[in-house]
Amino acid sequence: MKDIELDKVDMRLLDALQRDASQTNQKLAADLHISPPTCLRRVQRLRAAGLIEREVAILSPDKLAPLIGHGLQAVVEISLDRQDSESLTAFETRIASDDAVQQCYRVSPGPDFVLIVAARDMPDYLALQQRLFTSDANVRNVKAYFSVKRAKFEPAMPLSRPA
């Protein structure tokens, strides 16, 4: 990534886009009180710099539940026997490639990894556990916490304003 300087307009653009990336360039420019060409140029610059990784639709689990079922979401702590760099990276790479793993964090202290995983139901979770954890000889301990209610989900990063 090349060096990039961020000003107040860039920070406001990033903040607006992370809250609603579906806005048209014209609406975004009007909301930020800049011209549409300037807005487009700045957004393209932020994308090219890698500050905007991707744009996705965030689905509503509550509205989808009657259509596809509630499913299970679990927070899973994983401790490995071997924590050398190669073992940690191998586990992380294997886990991150599985679609059931929504988030993967290497953490310290405590367990080596904390995962957010999704499964259709308990049999599906048990298959996921076998596939990802039980079959791996380096996995020492697995602790799963099943979500009964999501009180908050906010993917937006808090952005401090430049002075």
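The values are calculated or read from the model by the stated rules, or taken from the named source; none is laboratory data. Nothing here was measured: the structure is a model prediction, and the numbers come from that model. Backbone-built Cβ (ideal geometry, glycine too); neighbour counts: all protein chains shown.
Which of the residues spanning the range 79-109 are more than 22 Å from PHE153 (Cα to Cα) and part of a helix (DSSP H, G or I)? Explain how you work it out, then say what you get.
First, the residues of the range 79-109 that are more than 22 Å from PHE153 (Cα to Cα): 79-95, 97, 108-109.
Hits for the range 79-109 are SER85, GLU86, SER87, LEU88, THR89, ALA90, PHE91, GLU92, THR93, ARG94, ILE95.
Say whether the condition of being of a type in the set (Val, Ile, Thr), on the phi < 0 side of the Ramachandran plot and surrounded by 11 or more Cβ atoms within 10 Å (Cβ to Cβ) is met by at least one residue in the range 12-33. Outline the logic, then answer.
Of the range 12-33, the ones of a type in the set (Val, Ile, Thr) are 24.
With on the phi < 0 side of the Ramachandran plot added as a condition, the list becomes 24.
Now restrict to residues that are surrounded by 11 or more Cβ atoms within 10 Å (Cβ to Cβ): none.
No - not one qualifying residue is present in the range 12-33.
Would you check if ILE52 is among the aliphatic types (A, V, I, L, M), under 21 Å from the mean Cα position of the chain (by Cα), closer than 22 Å to ARG131 by Cβ and modelled with pLDDT of 95 or more? Reasoning before the result, please.
Details: among the aliphatic types (A, V, I, L, M): yes; under 21 Å from the mean Cα position of the chain (by Cα): yes; closer than 22 Å to ARG131 by Cβ: no; modelled with pLDDT of 95 or more: yes.
It is false that ILE52 is among the aliphatic types (A, V, I, L, M), under 21 Å from the mean Cα position of the chain (by Cα), closer than 22 Å to ARG131 by Cβ and modelled with pLDDT of 95 or more.
May I ask you to list the residues in the range 81-106 that are of a type in the set (A, V, I, L, M) and either closer than 15 Å to ALA144 by Cα or within 15 Å of the chain's Cα centre (by Cα) (or both)?
In the first step, residues of the range 81-106 are kept if they are of a type in the set (A, V, I, L, M); the result is 88, 90, 95-96, 100-101.
Result: ILE95, ALA96, ALA100, VAL101.
Could you look through the range 15-57, keep only residues that are assigned to a helix (DSSP H, G or I) and basic (Lys, Arg), and pick out the one that is farthest from ILE4 (Cα to Cα)?
The extreme case among them is LYS27.
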